[in-house]
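Input: a single structure, listed below in structure tokens.
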Amino acid sequence: MFAGSGALGFESLSRGAAHVTFVEKHRPTADGLRATARDLGVADRVEVIAAPAERAVRAVGGRYDLVFADPPYAQPYPVAAFGTLRARRAIDAATTVVYEHASRDAAPDDPAMRVERTERYGEVALAFLRPTEEAA
């Protein structure tokens, strides 16, 4: 979610991911992701949803092992989007969610997700989350 350049998704494909779904609301950026997938010869393993995350999560199909979320730091934690993914069984207790946020901010406080670990890299922090069994 919040794919931007798609670097993490394309890197995941290069390391063996079977499929990547990019969620990017900025349509020209989403078009660029499609073009990059074609140029790299991986278009058949890529889906691009050009919509805000809160709407895009209603369109995803299947289950995800790994979710990267890198929203703008000023934007609040997308609790509703993750709730929809859980309700649609797109994520569950076996899914790892990597949530990027400003290191000056605490890891998200979502009772339906447990923080497994956090890492800080200067101004950036990553929270590794899993949906709780009860919420999944």
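The values are calculated or read from the model by the stated rules, or taken from the named source; none is laboratory data. Computed from a predicted structure; not experimentally measured. Note: ideal-geometry Cβ built from the backbone for every residue, glycine included; neighbour counts use all protein chains shown.
Tell me which of these residue 53 doesn't satisfy, since it passes every other one: (1) within 13 Å of the chain's Cα centre (by Cα); (2) free of Cβ contacts under 8 Å to residues at least 40 places away in the same chain.
Against the list (1) within 13 Å of the chain's Cα centre (by Cα); (2) free of Cβ contacts under 8 Å to residues at least 40 places away in the same chain, residue 53 comes up short only on (2).
Quick test for you: out of 32, 9, 4, pick the one residue that is small (Gly, Ala, Ser), in a helix (DSSP H, G or I), outside the structural domain of residue 72 (by TED's automatic domain parsing) and under 13 Å from the mean Cα position of the chain (by Cα).
From the options 32, 9, 4, the qualifying one is 9.
If residue 97 satisfies all but one of (1) without any contact (Cβ under 8 Å) to a residue 12 or more places away in the chain; (2) out of contact with any helix residue (DSSP H, G or I) (no Cβ under 6 Å at 6 or more places or on another chain), what's the number of the condition it fails?
(1)
Restricting the search to region 81-114, which residues are more than 16 Å from residue 71 (Cβ to Cβ), touching a Phe, Trp or Tyr at 6+ places or on another chain (Cβ under 7 Å) and part of a strand (DSSP E or B)?
96
Considering 73, 77, 64, which residue is in a loop (DSSP other than H, G, I, E, B) and modelled with pLDDT of 95 or more?
64
Does residue 69 meet the test of being crowded, with 19+ Cβ neighbours inside 10 Å, among the small types (Gly, Ala, Ser), assigned by TED's automatic domain parsing to the domain that holds residue 128 and touching a residue at least 12 places away in the same chain (Cβ under 8 Å)? Write out each step before concluding.
On the way: crowded, with 19+ Cβ neighbours inside 10 Å: yes; among the small types (Gly, Ala, Ser): yes; assigned by TED's automatic domain parsing to the domain that holds residue 128: yes; touching a residue at least 12 places away in the same chain (Cβ under 8 Å): yes.
Judged against the criteria, residue 69 is a match.
Can you tell me which of 74, 81 is closer than 24 Å to residue 124 by Cα and touching a residue at least 60 places away in the same chain (Cβ under 8 Å)? Outline the logic, then answer.
On the way: 74 fails: touching a residue at least 60 places away in the same chain (Cβ under 8 Å).
After applying the criteria, what remains is 81.
Any residue that is basic (Lys, Arg), over 25 Å from residue 133 (Cα atoms) and surrounded by fewer than 18 Cβ atoms within 10 Å (Cβ to Cβ) - is there at least one of those in region 86-109?
yes
Looking for something surrounded by 13 or more Cβ atoms within 10 Å (Cβ to Cβ), assigned by TED's automatic domain parsing to the domain that holds residue 99, among the hydrophobic types (A, V, I, L, M, F, W, C) and in contact with a helix residue (DSSP H, G or I) (Cβ under 6 Å, 6 or more places away or on another chain) - is there at least one such residue anywhere in region 58-66?
No: region 58-66 contains no residue that is surrounded by 13 or more Cβ atoms within 10 Å (Cβ to Cβ), assigned by TED's automatic domain parsing to the domain that holds residue 99, among the hydrophobic types (A, V, I, L, M, F, W, C) and in contact with a helix residue (DSSP H, G or I) (Cβ under 6 Å, 6 or more places away or on another chain).
Determine whether residue 107 is more than 20 Å from residue 26 (Cα to Cα), at pLDDT below 95 and touching a Leu at 6+ places or on another chain (Cβ under 9 Å).
So residue 107 fits the description; yes.
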